[in-house]
Amino acid sequence: MLSQSTVSELTETLQEEYEAWRVRDLSHEPVASLFIDTVYEPLRRWGQKTGVLWGGAIGEDGRKVFLSLSTTNSESYASCLEVVRGLAKRGMQVPVTITTDGATGLTKAIDAMWPQSVRMRWWFHKMRNLRQKVPAHLWPQVKALLVDLRAAPTPEKAEQRREAIVAQDQQELPEACRCLLDDAQASLNHLLVPQRHQIGGAHIVLVARAFVEERRRTKVIPHLWGEQSLVNLVFGVLIRVSDRWGKKCFRDLEQHQIRKLRAQLKLDEPEVRTPPISEHVSRRSAASAA
């Protein structure tokens, strides 16, 4: 059993580690794929859930790295733009691909900050949303069609399969079809990158497992008291889990493929590395997204 003073010292040390980690230089990280998502956790102080917005990446060699962590009350354009700007200010290179959910504020911030990168949708989230809109007895059949759609060999073939699903189910499952068509281009953009790099699902599984571990540790304190205690706990779990992500998994050919795509997108040109976003535009966009 740890004494109260020992717990306080450990908490203070963990907070110091977090403060140093959240501003560390990212210019040495050869980011190929960026992943951003928000997980909501309960806070006792306000009696509601607070968003934990995390960012992770896969490098050109396949190594995974945990980049950022912050709390947010909403996924508004302004708050999300602050997060992605923070990554750029810390020297992170423009990512080749960026995977997010469909939150409007986040997708607008990504498109404003890195318009030439390939933005992709979490199929993990999309499948979950679709399942909620399909009757249970029909889900196995619909799921098989969706898996076939996602695994199409080309974007053109995927579009044909999506059109076929909509034509078949528009009358019986209109809400599911609208969900399927939401953010249509980004939902198929994974087919624009080399197959070995289409691994967003595997990355979210790693992070999801880490959040499962974090929730296991909060069973005895199901409602954390404040934001700082929440950040300390999530950071403490995720940073230690991410320490085991350092394995290279891309061969030389696969690294060459992603560098070739980066060159085709012209992501290393100066005007792309530091995209101008005026404060006037940001405020206006934030107001429209609120």
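Things to note:
- Flag if Gln141 is at pLDDT 95 or above, more than 23 Å from Val52 (Cα to Cα), surrounded by fewer than 13 Cβ atoms within 10 Å (Cβ to Cβ) and not β-branched (Val, Ile, Thr): yes
- Considering Gln170, Gln198, the condition of being within 18 Å of the chain's Cα centre (by Cα) and of a type outside the set (A, V, I, L, M, F, W, C) is satisfied by Gln198 alone.
Residues are listed down the side, and each one gets a yes or a no for (1) more than 22 Å from Met120 (Cβ to Cβ); (2) among the acidic types (Asp, Glu); (3) assigned to a helix (DSSP H, G or I); (4) at pLDDT 60 or above:
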site: Lys219; (1), (2), (3), (4): yes, no, no, no
site: Leu233; (1), (2), (3), (4): yes, no, yes, yes
site: Ile239; (1), (2), (3), (4): yes, no, yes, yes
site: Trp245; (1), (2), (3), (4): no, no, no, yes
site: Pro276; (1), (2), (3), (4): yes, no, no, no
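- Test: residue in segment 137-157 that is β-branched (Val, Ile, Thr), out of contact with any helix residue (DSSP H, G or I) (no Cβ under 6 Å at 6 or more places or on another chain) and outside any loop (DSSP other than H, G, I, E, B): yes
- When Glu82, Glu41 are checked against the criterion of being free of Cβ contacts under 8 Å to residues at least 24 places away in the same chain and of a type in the set (D, E, K, R), a single residue qualifies: Glu82.
- Residue in segment 65-76 that is surrounded by fewer than 17 Cβ atoms within 10 Å (Cβ to Cβ) and within 23 Å of Arg244 (Cα to Cα) present: yes
- Qualifying residues in segment 247-274 (those that are within 18 Å of Leu34 (Cβ to Cβ), outside any helix (DSSP H, G or I) and not acidic (Asp, Glu)) - the one modelled with the lowest pLDDT: Thr274
- Selected residue (criterion: surrounded by the most Cβ atoms within 10 Å (Cβ to Cβ)) from residues of segment 109-138 that are of a type in the set (D, E, K, R), touching a residue at least 24 places away in the same chain (Cβ under 8 Å) and closer than 19 Å to Leu192 by Cα: Arg121
The values are calculated or read from the model by the stated rules, or taken from the named source; none is laboratory data. What you see is a predicted model, and the numbers here were worked out from it, not measured in a lab. A quick note on method: Cβ atoms are made from the backbone with ideal geometry, for glycine too, and the neighbour counts reach across all protein chains shown.
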